[in-house]
Amino acid sequence: MSEFTGILAEIDNVIGAALTLKLVSECGGSTIYIPKKPTEKMPLCQLLGVENVKKLSLALGSGELLIPMSYFRGMGKKKVQIAQMLEKGVSVSEIVKKMVVHERTVYRVKEKNYLALPLIDYIEQQERKENEQAENKTV
């Protein structure tokens with residue numbers, strides 16, 4: 001069962017969760033173009049790989065596709081990071097400086113449980129995997 005909903009669930013079924021997260025992280029909130037005949041030079045192919053874009057083209061068709069932003073990118077992601085920092089005991093003033101946000105934002109995050117939002121644990125797992133893979137490549 002997919003951790004995603006809507007179009008992201010469809011994409012997940014075609015290319016898998018890790019690449020879906022990568023797509024949302026890079027392109028969330030914008031329209032992408034799925035080519036009918038993908039080549040290595042195309043930006044989407046550079047991000048996901050030609051074979052994966054071919055799979056998307058076959059499953060979803062070619063053309064423009066709006067990728068939802070969700071909590072993977074932008075202010076939503078910042079709020080989750082702020083919640084994580086608050087949970088670790090980081091002071092409001094330190095968070096304001098590090099995250100470049102207004103202190104009211106930090107207090108709003110404090111009031112709402114951003115760590116309990118859907119997919120947050122899943123996103124954290126994927127980020128840990130990516131960090132581990134990056135560390136293994138440098139060793």
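The numbers here are math on the coordinates, done by the rules we state, and not lab data. Predicted model, so just to flag it, every value in this text is computed and none were measured.
Scalar couplings 3J(HN,Hα) for the stretch 52-63, obtained by applying the Karplus form with A = 6.51, B = -1.76, C = 1.60 to θ = phi - 60°, are 5, 5, 4, 4, 4, 4, 5, 7, 10, x, 8, x Hz; x denotes Gly and Pro. Longer than 19 Å from Cα to Cα, which of Lys55/Lys129; Lys79/Lys110; Lys77/Lys112; Lys54/Lys129; Lys22/Lys110 are they? Say none if no pair is. Those over the limit are Lys55/Lys129; Lys54/Lys129; Lys22/Lys110.
Between the amide H of Ile34 and those of Gly63, Glu64, Leu65, distances stay under 5 Å, these residues lying 5 or more places away or on another chain, with hydrogens modeled in the peptide plane.
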